[in-house]
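Reading through the structure tokens given below for one structure.
Every number here is computed from the coordinates shown, using simple stated rules; none is lab data. Everything numeric in this text was worked out from a predicted model, so none of it was measured. Every residue, glycine among them, receives a Cβ derived from its backbone with ideal geometry; neighbour counts consider all protein chains shown.
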Amino acid sequence: MHSYELVYILQADLDEATLATAVDTIQSLITSNQGEITKLDRWGKRKLAYPIRKMKEGYYVFISFNYPPEKVTDLKRTLGYNEQVLRYIVVRAA
């Protein structure tokens, strides 16, 4: 397993319960595929550098985790299909 870092931006216009559910869903996606979350940091609502889907704010979340490299593509695909996720980036930690 390799160490990865994931930062994703959720829609800021969601209520607290929906935000918590979205974060929990992504966490369970990682852990259900043999991943281990080492750090979770909710950065909160911030202004975006440029509008994305006509939205000017987003809710940022950072996750550091260990994950099998062959499953990273599936994780990216699932994040891309999620309508609540505006942007995401997955990088391998050194």
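Here are the numbers:
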read-out: Loop-located trypsin sites (Lys or Arg not before Pro) in the range 1-59, at most 10 other Cβ atoms within 10 Å (DSSP); value: Arg53, Lys54
read-out: Reachable aspartates and glutamates from Lys47, criterion Cα separation under 20 angstrom, eight or more residues apart if same chain; value: Asp13, Asp15, Glu16, Glu57, Glu83
read-out: Order of Ile30, Ile52 - criterion: other Cβ atoms within 10 Å of each residue's Cβ, fewest first; value: Ile52, Ile30
read-out: The chain: angle of helix 72-81 to the longest principal axis, Cα-based, in degrees nearest 10; value: 20 degrees
read-out: Distance histogram for the chain (every C-alpha pair counted, 10 angstrom bins, percent rounded to whole numbers); value: 16, 52, 28, 5
read-out: Over the chain: helical MRE at 222 nm, DSSP H runs n ≥ 4 each giving -39500 (n - 2.57), nearest 500; value: -9000 deg cm²/dmol
read-out: Estimated dipole of the range 16-94 in Debye, rounded to 20 [Cβ of Lys and Arg +1, of Asp and Glu -1, Cα centre]; value: 460 debye
read-out: Farthest positive-ward along the chain dipole, Cα basis, beta-carbon charges - from Thr31, Leu75, Tyr59; value: Tyr59
